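Undergrad: Got a structure here, written out as structure tokens. Questions coming.
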Amino acid sequence: MSPIRSTSPVCIANLSPRERTKRLVAGAIPFVIALVVLAVLAGTRADRWWRLMLLPLFWGAAVGFFQWRDAT
């Protein structure tokens with residue numbers, strides 16, 4: 001009997017360092033914008049439902065960050 005070996009695939013990044021930087025910036029900009037808008041909404045005591053419009057900004061920031069981190 002042969003020993004059991006792991007046959008997990010090797011992760012190879014498919015983005016160049018320049019593209020990874022673009023993804024990081026594309027994630028950081030919406031995140032900063034969303035934080036500023038959130039601070040304004042919280043400071044003016046706007047209705048909670050107005051904060052829902054920040055979901056696409058935070059979502060886009062998360063996508064950009066995770067693509068940068070995973071290099072995909």
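Read-outs: derived from the displayed coordinates by stated rules, not from any lab. Just so it is clear, the model here is predicted, and its values are computed rather than measured. We place every Cβ from the backbone using ideal geometry, glycine too, and count neighbours over all the protein chains shown.
Undergrad: Label points 7 Å out from Cα along the Cβ direction at residue 41 and residue 22: separation in nm?
TA: 3.0
Undergrad: Semi-axes, largest first, in whole Å: what does sqrt of 5 times each Cα gyration tensor eigenvalue give for the stretch 17-70?
TA: 27, 10, 5
Undergrad: Using per-residue counts of other Cβ atoms within 10 Å, averaged over each peptide, order 38-49, 18-29 from highest down.
TA: Ranked from most to least packed, the peptides come out as 18-29, 38-49.
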